Amino acid sequence: MAPGFSDVRLSVMRMGFYGNDDARRGTVVDLVSWEALGDGDELEGPRDQSPASASHVLSLRRQIDRDDWGAYVAGEVFTRWYGYNRFVTPRLGLRLGRFDRAAAIVEASLAGAYLGGLTDKDRRSLTRDVDVAARTSFVLSRRLRLESRGRYRDLSATDGRRLRDVLVAAGVEGEVSPPASSDPGPNTWRVVTLFVGVGLRRALVDVTPDQAAATTMGGLSDRPVTEPSADPWALMVWVDLDLAINSQRTIW
């Protein structure tokens, strides 16, 4: 949230199954996630599915973890991307370092690299409609972490709007969890985490609905009219509440 800008993301029912063998592989299923944004306008509700919101339905993720690194590849079965309907969009993630000590994590959602689409069959791209998030985490104590977070987002909507923005924040993450187990290993529950940070957001390009006349049907023209934001930098508050129950503190 920043002056003139608000962004809400909600994810419902994420379940992961992790093996105990040496390969340390896991399978994660996300039922549904939804995000909406507004620049001076009120946010739409999840049921509206307007060009100001995106939804992902049924995500399947395959993950491998080692002590000092981890990675995953995932696919969203159905994506409603700011007015466009797409099938099978990829997502990738990489962790360097130990999550129970200090780690850096990068995750990328490639909504423009979809396998099939109902309304935008010719808009595939590896560089447009991307959402890249980065995170560093340093453990201060069992229930407290220092974290920095960043995000780069490029989205185009059916209303003729294209938005590219950068968000960066730093803060702390705390958790509410059961008392520590007598087992000194990592198998102690990690429950209900809350991240609160402050940072900056910069809108790189903002195509407003008033500029939609410069677009062709179904998307932007080859040379759309764009204007930089009048106030490119804004102070931001970043809040992330996760109700997940993790059986191991090494899960990221």
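The values are calculated or read from the model by the stated rules, or taken from the named source; none is laboratory data. No experiment lies behind these values; they were computed from the predicted model shown. With ideal geometry, Cβ positions are generated from the backbone for all residues, glycine too; neighbour counts draw on all protein chains shown.
Here is a check on your reading of the model: is Gly97 within 24 Å of Leu60 (Cβ to Cβ) and free of Cβ contacts under 8 Å to residues at least 60 places away in the same chain?
Details: within 24 Å of Leu60 (Cβ to Cβ): no; free of Cβ contacts under 8 Å to residues at least 60 places away in the same chain: yes.
So Gly97 does not fit the description; no.
Candidates Asp154, Asp120, Asp165, Asp131: the one that is closer than 21 Å to Ser53 by Cα, of a type in the set (Asp, Glu), modelled with pLDDT of 95 or more and touching a strand residue (DSSP E or B) at 6+ places or on another chain (Cβ under 9 Å) is Asp131. Step by step: first the residues of the range 63-94, then only those that are in contact (Cβ under 8 Å) with a residue 24 or more places away in the chain and touching a Leu at 6+ places or on another chain (Cβ under 6 Å), then the one that is surrounded by the most Cβ atoms within 10 Å (Cβ to Cβ). Which residue is that? It comes out as Tyr82.
The residues of the range 54-96 that are of a type in the set (Phe, Trp, Tyr) and within 18 Å of Leu155 (Cα to Cα), listed by number, are Phe78, Trp81, Tyr82, Tyr84, Phe87. Just one residue in the set Arg66, Arg95, Arg80 is at pLDDT below 95, among the basic types (Lys, Arg) and over 17 Å from Glu35 (Cα atoms); that residue is Arg66. When residues in the range 137-165 are screened for being assigned to a strand (DSSP E or B) and either buried (at least 16 other Cβ atoms within 10 Å of the Cβ) or touching a Ser or Thr at 6+ places or on another chain (Cβ under 6 Å) (or both), 17 of them pass.
Across the range 94-112, the qualifying residues are those that are in a strand (DSSP E or B) and not small (Gly, Ala, Ser), and the one among them that is farthest from Arg80 (Cα to Cα) is Arg98.
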